[in-house]
Amino acid sequence: MTENMTESQSVQGPKHKRNVTRRKVVVAGGAAVAAVGVGGTIAATANAGQTAASAKGASASATSTAAEGCYKLTSETTEGPYYIDADKLRQDITEDREGIAMTLRLKVIDNETCKPVKNAAVDIWHCDALGLYSGYEDLSGGGGGGGTPPSGTPTDVPSGTPTGSPTGPPPGGGGGGHQEPTDDKRYLRGTWKTDKQGFVTFRTVFPGWYQGRCVHIHTKVHVGGTWTDAGYEGGNTCHTGQFFFDEESVLASAEVEPYSTSTTERTTLTEDTIYDQSGTAGGLLKLKYKKNAIAKGVLGTITMGVDPDTTHEGTDDAVQPGATASASASVS
């Protein structure tokens, strides 16, 4: 990929090698986010719980754009076990997955200056409408992901006290160590480049749910690297987080096939162990769709304020200011 890549182009096949650490970061929900259409009918504005900006930040905001301010958001979240370092460089990550069409409009800013972070590589990945992750179909989904649960009384139930340590990902994939992929599918995964205003747009489907987690989308932001014909190389991962969905929207989606066929017990937003219940300050997306017609499409927007000089992977609690890591991508 070259520096002249535009949002209308699609390039396939990065492989990332990243070694980064977790930190607390300010993420933002930006006011006056540019309108994006879903099915040509929707426009929306992202909002958040606004806090008092520093004098420096307020000055930068006032002189650069009066419509945009800095907003305090959550600390970093776990990467989870289902991240794959071989995402595809593309905006449309849907592939053949069924579900409610969704446009995800993100903006990345420097949390101290409020200036856009351009040329950043943004990853997103999430489960499909029935709770399955590509690359991990036999591990994810928890509870059947839409299948029929077993019936009857189990036989050969083990007795005694279990020994040893548990292995494998926890229910719902909310944490735990990284798992190696078990299949070669890569739907609902992708990486793309922020433009001069810090915006990046993805086309996907509204995620479903699986055992132990509320509806969410994972994200990483990589900066300081170089876009080349081989993809995105070098730099550091300055943010690892998750986006969340309000209960009203999730309940509306649950009335639409194939979501309505799922038999998996759903974890609500207030029950989730990763979401910190702080609204947009915790990564809650601003969602826009036609009332009583969510099946026609959804627009989700949010702004992420990051510290480009810090490195975080979301797999431990260590903080390494200024650490660097490889965030390489190759085109296959």
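Which shape class applies to segment 239-301: rounded if a/c is under 1.5, otherwise prolate when a/b exceeds b/c and oblate if not, where a ≥ b ≥ c are the square roots of the Cα gyration tensor eigenvalues? All intermediate terms of the calculation are to be shown ahead of the outcome.
On the way: a/c = 2.25, a/b = 1.32, b/c = 1.70.
Here segment 239-301 falls in the oblate category.
For residue 113 and residue 276, what does the FRET efficiency come to when R0 = 41 Å and r is the distance between their Cβ atoms, rounded to the nearest 0.05? If you can, show how the numbers build up before the last one.
On the way: r = 25 Å, r/R0 = 0.62.
Plugging the Cβ-Cβ distance into 1/(1 + (r/R0)^6) gives 0.95.
Starting from the Cα-Cα distance between residue 290 and residue 85, subtract it from 0.36 nm times their residue separation and give me the gain in nm to one decimal.
Extra length available between residue 290 and residue 85 comes to 70.2 nm.
Quick check: pseudo-label points 7 Å beyond the Cα along Cα→Cβ at residue 101 and residue 254, how many nm apart are they?
2.6
Using Cα-Cα distances under 8 Å and only pairs 6 or more residues apart, what relative contact order does segment 229-289 have, in percent?
Numbers: 30 pairs, mean separation 25.8, N = 61.
So the answer I get is 42 percent.
What length, rounded to one decimal in nm, is gained on full extension from residue 226 through to residue 263, with 0.36 nm per residue of separation minus their alpha-carbon distance?
8.9 nm
I want the local charge near residue 294. Using Cβ-Cβ distances under 11 Å, sum +1 for each Lys or Arg and -1 for each Asp or Glu among the other residues.
With Lys, Arg at +1 and Asp, Glu at -1, the neighbours total +2.
Multiply the residue gap between residue 203 and residue 246 by 0.36 nm, knock off their C-alpha separation, and tell me the result in nm, one decimal place.
13.5 nm
Readers should treat all values here as calculations from the given coordinates under stated rules, not as data from a laboratory. Fair warning: this is a prediction, and the values are worked out from it, not measured in the lab. As a convention, Cβ positions derive from the backbone with ideal geometry for all residues, glycine included, and neighbour counts pool all protein chains shown.
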